[in-house]
Structure formats: C-alpha cells, structure tokens
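*Asks:* Just dropping this structure here.
The values are calculated or read from the model by the stated rules, or taken from the named source; none is laboratory data. Model, not experiment: these values are computed from the prediction. No Cβ is skipped: glycine too gets one built from the backbone with ideal geometry, and neighbour counts run over all protein chains shown. When the accessible area is computed, the model is the full protein with side chains, heavy atoms only, and any ligands, DNA or RNA have been set aside. Shrake-Rupley method; radii C 1.70, N 1.55, O 1.52, S 1.80 Å.
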Amino acid sequence: GNYRCNRINVLFDEEIWEGAHVQRRGGRYKPELLIYPHFNGIYKETGTYQGHPRYVEQNKQSGDSFGASVTGSEIVYCDEIDSWVFMHESISTTPQGVKENECSWLWRSPETEDFDILTSAGSDWKTWMGEVKSQTHVSITCIECTDRSDCSYHGDCGEDGLCSCDPSHFGHLCELEMPCKSLATEKAHTFDEAGGVKWEQGNPITLIDSWRDYKVYGRPVYVQKGLSGEPFDMRLYKILEKEISSSPSAHPSNLPSVSKAPSPFPTTLAPTNLPTSSPTWNPTTFPTLSPTVQAPSSRPSVPPSALMKKTPPPTPKTLMKKTPSPTYSSTEGSYTPTIIGEDKTSSPTEASLTLLPTKPKHSQNEYDTAPDFADLDDFFERKPLHDLEDILEDYSVIISYSGSRYYGTIVESNATLGDLFPRDYHAFWSQSFDVNRTFIISEITFSSTPVGVDFFEMRRRIGAELNPNVHFSYGPYGALIPLMSYQGSGFFHCFDVTPSPSVLPSISAAPTSTASPSQTPSGNPSISIQPSTSVGPSRSQTVLFRCPPIIFVGCTAADPAQFEDECRIVGEPCDRPSEFCCRDGCPRNYCTTKALPPITFKVNRSPTVPSASSPPGQLSSTSLPQSAKNICQNITVKKQCNKNTGGECIWDALNEECVDASL
C-alpha cells in the first residue's frame, strides 16, 4: 500500500553455484555457472503472490521492465515455509525440474509473517548451491525518497519519489560520484629526466560518450580501442611486453613429457660445489696459539684417541678439557707435535686440549624449486584453446560492471554498444563472464568506477585441460593473480588529459656568469636564492596557487548542516576564471580567487663576497638590500617576526634574520 516501499535495490552475497540447472529458450535443463550477484539490481513491486507483495527484477540499464527476450527473477513470499524466497522460472533446483524445493527457492529468508520484506534484509538467509548453504546475506534497501536526505544530500526528491541528482553525482540515491572521463593503468607512469613521475597512457581508456544511456548495473562503461597483440598495459604490472629472445619460456610446458626424469639441476647449470649429505668441518689450519708462535701448518695425522702432551701457552678455557694432549717442540720458531703417550705424573690441575667436533653448527641447504602451476598462463599462452589467434590482430577491451565486480573483456573492434549491451542486457542471461574473452576481473566492489579497485588475472580456469584425472578446486574464476603486488593499491587511476598547473616550484635557468666590466669579484661568485621582487613570474618561474589555511577560512557554505562540493580536486582550476579549488572547514571543496602570496624563486648569481666573519657558505647581512634594514631588523626571534608584525616582516632563513616582507 501507501506505506510500503515499491522499488527496492537487492544485493546478493557473492555465492556461486557451479552446475546450476538452467533452461534456455524452452530447451532442456543444462548445467551452467550461476553467479548470484548477476541478479543484483532494482526489483519493483508487481502484483501479489499468495497474498503478499511480488517483486520482479528490472532492466539493468534503465531500471524499467525487461522486454520479451528476458524474464526477470522474482522475490515472493512462500506460504509453505513462511519465508521470503528468491526464484526464477528457468532455474531449477533439480536436473529435470521435478521434486524441487518449496516454491523453487534459490534463496530463502528466516521464517517471518511480516508483509514488509525490508524487515528480513538484515538476517541470515539460506542459499541453494546444489545443497543448502546457511548464513548468507542479502542487502535490501528502499530506493524511494521523501526528502533531500534520502538523496544523500546530492540531489532533490521528486514528486514521483525518485531522486534527481546534482551534476556531481549519480545513482539511485545520488550516492555515487561522477566518473572521470579517462583512465590510466598503473603501468602508464614513468620517470622523466628530472626524476619526477609522468603519466602517459599511450592508448587511451575512455568513458563511452553516451554513458548515461548505457550504464550497466548502474555503472559507466570504459573502452580501449585500436589494440593488437596482447593488452600489455592491462596485464600484470611486472609484464612489460613480449620478450623476443632464444631463451626458453619462463613458464613450464603443460604438455606431457616422454623424456627420462631430469636431474635436480640442468646439466649446463649444475652447481660444482653441492654440499654432501653429511657435511663435516675440515679446516686446514689451527688458530694461532700466541702472537709470536705459529700453530702447526697441518692437522696432526693421529687417531682421535692419541694422547699428546701440551707445552705451549694454554688456549682459552672454552676450548679446553682435561684429557691427554700433544706435546710440541720448537723448531725454527714453530711447534711440531711429538707423541709421547699419557703422562700419569702430570699435575691434576694442568689444562689440556681436546679436538673440536668435526660437524659444524650450521650448514647451508640448497633447494630445487617446483614450478607454481597456479601461475601458469593458460590464456594468452594457449591462444588456440580460447580462440584468440584471429581476434588479437584487431580488437577492443571493454571494462563493465556485473553486479559485484568489474570485468575486462576482449571484444571485436567493430562491435557496437547496442551489440554489447542491448536493452535487455543481463550479466547472467547474456553470459557476460566469458571464459574465452574475459581476462581480468576486479575484487568485489560497489564503487562507481574501476578507479582504486584491485584487479586480477585469471589462471587455471579450464581444469580438465590440465589433467582429466585430477579435479582442480580453483573455483569458477580459477587462480586469481593480482595485477599489483600490494593489496589495496588499485590498478586504474583517473587521468586528466588537460594540462594543469605544476604543483612544484621551478627554478629559473641559470643566467650567464659573465660579469659586467664594473663587476670584478675577488672570489668565486656565490649563489643565493631570494624571493623574487618582480611583479609577476617570468617564464622560467612557476607560481603555485596556495589555498588559505582552513582555520582562517572556516565553513564557507550558506548552511553548514547541508552543503556540497563546488569542485572535485583541491589545487586545480575551477570552471570560473581565476578561481581554484580549495578546502574549507565544513569540510567541503569550494572555489576561490583568494590565495596566500605565491611562491616564486629565481637564481641570483650576483658576485656577493662573504664577509670574513661569515661562516662558510653563508652570506653576511651586508649582501641584503639596504631597504631591508628597517624596523624588522630589530626583531631577532623567528616566531615574533612571522606572527607579531601583521605580515610586514618575514623571517629570512638563509641569513637567520627578520626582513621586510615586501622584498
């Protein structure tokens, strides 16, 4: 009735039923991959079912009803189990569509007698995946509004109960920021000659012109055209391009080998000093016994049980034990051992030497490594398996949303938007996840664009091709290999193709060092960096727009309780001339012409000679202009110079003194 929401937005957890029983166009039920988030989107109340409201899935572009080519799924109340259930007439819970679940439910809520489906949104549901899976979740929200707050304060509520969004936002409830017009991948940045980072996306990734008419699952579509070969700028960050060399492939062959079992190391790479299975300690010399006496040059060739008397100075106690020891006699400045047997008359307190153990405390193991078959590229390195040989000569890549993830898919170069996303497009019924064309996939996200979202390459998706006798459990997406090594770094970034002011001050080119006839310095010219006294910056200088501090600005909105951003990126020019985007205390982004004094620098090669009393590399106060010697020179504390003079003075960090700010 009048107090019940008629349009709801439904978001299923990413549960996937491999081998779902699906009937297409009245044919037989066949097993298919059922990704439940493909059924995310708007559901509209359409009549009743068993006396309760009946919600029917709507078009994924306009939010209206599907045409004749697609039948929407339904969420209805099932009296047999006293629960709300999700169902579709062409998806059965049994192979032949007989002896199904009650009301053919695919998802079911806990038992309830409430007519309002929103009351079941926060509870645990059950999902059918060939068997019952418990503790799954469904997000159900009303997308009708009554005032501006329902539109996220980024739009107005219309008389029809739907939000009309401001130009800066879109979405059912104006909850999404406007998409950027161009994307650049992480691989588009390089270092310039000055050591800075520059971004150059050679082949642009652009927002489609008519994106408002072709929003898929409420998200814009991006396209990269004119491609041939592999899409290297959308592959793993470490993959730059195809290396042309005679070296073998870094990936192991997935074809069975008939050769004999290889050795742990290739013949040409076999190490020459492999450790033995029982490494032993075998030094060639003993430690020096004293500063003036050299130990024997080789180890005595006597059995361990031989008893030798010791006459040289004792070794440290940590290496000694009371046992019979060898006796050494001096010969030309060195000691040689003489075996004399056990000395039973020796003093019981006399220290004796025992040979050290022959096994070291630590030995370094060397390991052979097994190939990581999960990293095996079974897509671009097995092109015939995916019918890629012809299409990679001329193609485009489409980045589109599918309800919970973004897909990167290879399409024909001459494909139109009408071909790819017809009016009744549906990620499941249109089979958007194509194992032979979809090559990258995002993490689960509800972001308005792919910007800042982690992406993955999919490997090991066709398990039967690897070994028909082994059941691989990689899941429907296979092994997901992150495009970036660090989680949360994202892969796509907004790329502004229009030039913007530099955010770094530049130093003007050094003028010629040739002095005029009147300038005859007595030493090498000193270089001093001083604030420019010119009215405007020269071509070799850069002015940085400096936003006023937030503490001085406060909140500039007319109503601090309800405000919106006037611009997107702080520091960039606004639409109105001479205005730049800054941040205020609301907090919000606003446009202003008021700025702190710009920072400009120039190199002054005037032949100033340091005074004798000045430290090396520092100019004396005599090198400053005479106009700087005013009331500011009486201030010696930096804090007082900057804060207590009303802006008349400024602290000169180079000479550590307070000077006239007008200079």
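*Asks:* Being of a type in the set (S, T, N, Q), part of a loop (DSSP other than H, G, I, E, B), more than 20 Å from Cys567 (Cα to Cα) and in contact (Cβ under 8 Å) with a residue 60 or more places away in the chain narrows it down to one residue among Ser210, Ser139; which is it?
*Replies:* Within the list Ser210, Ser139, the selection yields Ser210.
*Asks:* Could you please give the count of residues in the stretch 423-440 that are touching a Pro at 6+ places or on another chain (Cβ under 9 Å), part of a loop (DSSP other than H, G, I, E, B) and of a type in the set (Phe, Trp, Tyr)?
*Replies:* Adding up the residues that qualify gives 1.
*Asks:* For Gly403, are the conditions met, namely being touching a helix residue (DSSP H, G or I) at 6+ places or on another chain (Cβ under 6 Å), in contact (Cβ under 8 Å) with a residue 60 or more places away in the chain and among the small types (Gly, Ala, Ser)?
*Replies:* So Gly403 fits the description; yes.
*Asks:* Considering only residues of the stretch 362-391 that are in contact with a Phe, Trp or Tyr (Cβ under 9 Å, 6 or more places away or on another chain) and open to solvent by 10 Å² or more (accessible area, probe 1.4 Å), which is nearest to Met458 (Cα to Cα)?
*Replies:* So the residue we want is Ala374.
*Asks:* Only one of these is in contact with a helix residue (DSSP H, G or I) (Cβ under 9 Å, 6 or more places away or on another chain) and either closer than 23 Å to Gly19 by Cα or of a type in the set (Phe, Trp, Tyr) (or both): Val70, Val85, Val98. Name it.
*Replies:* Exactly one residue qualifies, and that residue is Val85.
*Asks:* Still on this structure, I have one more. Hey, any hits in the stretch 110-124 for a residue that's assigned to a strand (DSSP E or B), closer than 25 Å to Asp13 by Cβ and not small (Gly, Ala, Ser)?
*Replies:* Among the residues of the stretch 110-124, not one is assigned to a strand (DSSP E or B), closer than 25 Å to Asp13 by Cβ and not small (Gly, Ala, Ser), which makes the answer no.
*Asks:* Among the residues of the stretch 180-205, what is the count of those that are closer than 25 Å to Thr416 by Cβ and open to solvent by 50 Å² or more (accessible area, probe 1.4 Å)?
*Replies:* Residues that pass the stated criteria total 3.
To keep it simple, each residue is scored yes or no on (1) within 21 Å of Asp166 (Cβ to Cβ); (2) at pLDDT 70 or above; (3) surrounded by 15 or more Cβ atoms within 10 Å (Cβ to Cβ); (4) not polar (S, T, N, Q).
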| site | (1), (2), (3), (4) |
| --- | --- |
| Gly571 | no, yes, yes, yes |
| Asp584 | yes, yes, yes, yes |
| Lys594 | no, yes, no, yes |
| Asn630 | no, no, yes, no |
| Glu648 | no, no, no, yes |
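*Asks:* Another question about this same structure. Could you list all residues from the stretch 154-177 that are within 28 Å of the chain's Cα centre (by Cα) and either open to solvent by 40 Å² or more (accessible area, probe 1.4 Å) or at pLDDT below 90 (or both)?
*Replies:* Scanning the stretch 154-177 gives Ser168, Glu175, Glu177.
*Asks:* Would you pick out the residues in the stretch 30-53 that are open to solvent by 60 Å² or more (accessible area, probe 1.4 Å) and either touching a Ser or Thr at 6+ places or on another chain (Cβ under 6 Å) or assigned to a loop (DSSP other than H, G, I, E, B) (or both)?
*Replies:* Selection gives Gln50 alone.
*Asks:* Follow-up. When you look at Ser83, is it small (Gly, Ala, Ser) and more than 38 Å from the chain's Cα centre (by Cα), yes or no?
*Replies:* yes
*Asks:* Any residue at all in the stretch 456-473 that is modelled with pLDDT of 90 or more and either assigned to a loop (DSSP other than H, G, I, E, B) or not polar (S, T, N, Q) (or both)?
*Replies:* Looking through the stretch 456-473, at least one residue is modelled with pLDDT of 90 or more and either assigned to a loop (DSSP other than H, G, I, E, B) or not polar (S, T, N, Q) (or both).
*Asks:* Read through the list (1) assigned to a loop (DSSP other than H, G, I, E, B); (2) of a type in the set (S, T, N, Q); (3) open to solvent by less than 30 Å² (accessible area, probe 1.4 Å), then give the number of the only condition that Thr127 fails.
*Replies:* Status for Thr127: all satisfied but (1).
*Asks:* Give me the pairs: first residue in the stretch 472-494 and under 16 Å from Thr449 (Cβ atoms), second residue of a type in the set (Asp, Glu) and part of a loop (DSSP other than H, G, I, E, B), beta-carbon distance under 7 Å, and six or more apart or on different chains, which are they?
*Replies:* Here the result reads Gly490/Asp454; Phe491/Asp454, each pair linking the stretch 472-494 to a residue that is of a type in the set (Asp, Glu) and part of a loop (DSSP other than H, G, I, E, B).
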